[in-house]
Amino acid sequence: MKVSIFDVAKKSGLSVVTVSRVLNGVETVREKNRQKVLEAIKELDYRPNAAARSLASGKTGIIGVIVTTLHDPFFDAVVKELNEVLALHGYYLAVSVSTGIGEGGNHYLIQEDRVDGLILLSPVEEDNFILELKRRGIPYVLIDHQKPENDAFSVTVDNFKGGYAATRHLLELGRTSIAHLCGQEVFRSTRERRGGFMLALEEQGLEPFDVVYGDFDIAFGYKTCQRWLREGKLPGAVFAGDDNIALGVVNALMEAGVSVPEQVAVVGYDDHYIASRLRPHMTSVRQPADKIALAAADMLLKRIDGKIKRGASQRIDPELIVRETTANKEFLPSFFRKEAAATKEVD
């Protein structure tokens, strides 16, 4: 049996009018009541009638998301959260994979009356997208974009702070020979994470063991670490630009019989699901996909409803999650301590 707005009202203990106001984004609803309604909607799996809402509002009930790739766990997590948040507000998500916009500003999601708004997730050619979106009057929000001058209507992670925190953590462990494997220079996240890494070293009067640019994939980390092994010189620690790169480094080290973290400590970035499942569990800088998606959805919905006229941006702090690839021996679980005690630390 189809769930109705009356079922939501009964479940939340509030009136139909209040539920309707929450669904339509009315700001006068008390936050406590709004949360009750959203919880009831989620529990009942309520979906507003899209056709009726479209006729009444003149909107499509669809929000588009354009991503550069589907082969990135962080992007996947953000899209999943966006889908859940927007569904609570009666919107369907249309996902497109695109590295840029065609000649004449052509992209099927940007065509007339296709979507009520658009989210660009880590766009590369963002200037072209923004120009066309403004021309067509389509509200948009950027996530993880590349140019600071486009910060209006954006949600970003403070990657500089993340790179600094990761490097400070390694320095506090007594590691002074630290390498950084990062992504391509075109990405703002690459530049900011490297900037935080360099500042942390400069504060201690240190130079990096190595700074290497490549793709955000396992093969890059693996091949770079194999080169170090062939050359017979390893860093005491590695700060990797993402968890895939870090995983490649750890694989190469373990294949060569180099202990992690006793001989080489490793920090990744993003805190993918896999980081807490493989052994040793990966220390990583978490980008909170839930907070990012919630902030982006809230900003876009307010733009669609005309509640934000001027540029607005939100900067979200990352979080360092310490696990076994950097943990000191005294913090390791008991079943790791015997093995750790038998291995002399090399830096």
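Here are the numbers for the structure shown:
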{"quantity": "Contact order normalised by residue count of the chain, Cα under 8 Å, 6+ apart, percent", "calculated": "15"}
{"quantity": "Angle in degrees between helix 31-44 and the longest Cα principal axis of the chain, rounded to the nearest 10", "calculated": "90"}
{"quantity": "With Cα atoms, 0 to 90° folded angle of helix 126-136 axis to the chain main axis", "calculated": "0"}
{"quantity": "Projected label distance in nm at L229 and T28, using a 7 Å step from Cα toward the beta-carbon", "calculated": "6.7"}
{"quantity": "Cβ charges +1 (Lys, Arg) and -1 (Asp, Glu), total dipole of the chain, debye", "calculated": "1260"}
{"quantity": "Among the listed pairs K36/K302; K42/K307; K80/K307; K134/K291; K2/K307, those beyond 28 Å (Cα-Cα)", "calculated": "K2/K307"}
{"quantity": "Answer label for Cα extents along the principal axes in Å (calculated), chosen among [x] 55, 41, 39; [y] 70, 49, 34; [z] 62, 41, 35", "calculated": "[y]"}
{"quantity": "Estimated vicinal HN-Hα couplings, Hz - the stretch 295-312 in sequence order (Karplus 6.51, -1.76, 1.60; Gly, Pro = x)", "calculated": "5, 5, 5, 4, 5, 5, 4, 5, 5, 4, 7, x, 8, 10, 9, 9, x, 9"}
{"quantity": "For the stretch 194-294: rounded, prolate or oblate by the Cα gyration tensor [a/c cutoff 1.5]", "calculated": "oblate"}
{"quantity": "Amide H contacts under 5 Å for Y92, placed H, 5+ residues apart", "calculated": "I62, I63"}
{"quantity": "In order through the stretch 260-273: 3J(HN,Hα) via Karplus (6.51 cos²θ - 1.76 cosθ + 1.60), integer Hz, x for Gly, Pro", "calculated": "10, x, 4, 8, 9, 8, 9, 10, x, 8, 3, 6, 4, 3"}
{"quantity": "Theoretical gain in end-to-end length, I274 to D45 [0.36 nm per residue, Cα-Cα removed]", "calculated": "79.5 nm"}
{"quantity": "Helical mean residue ellipticity (222 nm; -39500 (n - 2.57) per DSSP H run of 4+; nearest 500) of the chain", "calculated": "-13000 deg cm²/dmol"}
{"quantity": "Rounded tilt (10° steps) of 159-172 against the dominant C-alpha axis of the chain", "calculated": "30"}
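Bear in mind these aren't lab numbers, they're just calculated from the coordinates by the rules spelled out. The structure displayed is predicted, hence computed values, not measured ones. Methodologically, a virtual Cβ is constructed for each residue, glycine included, from the backbone with ideal geometry; neighbour enumeration extends over all protein chains shown.
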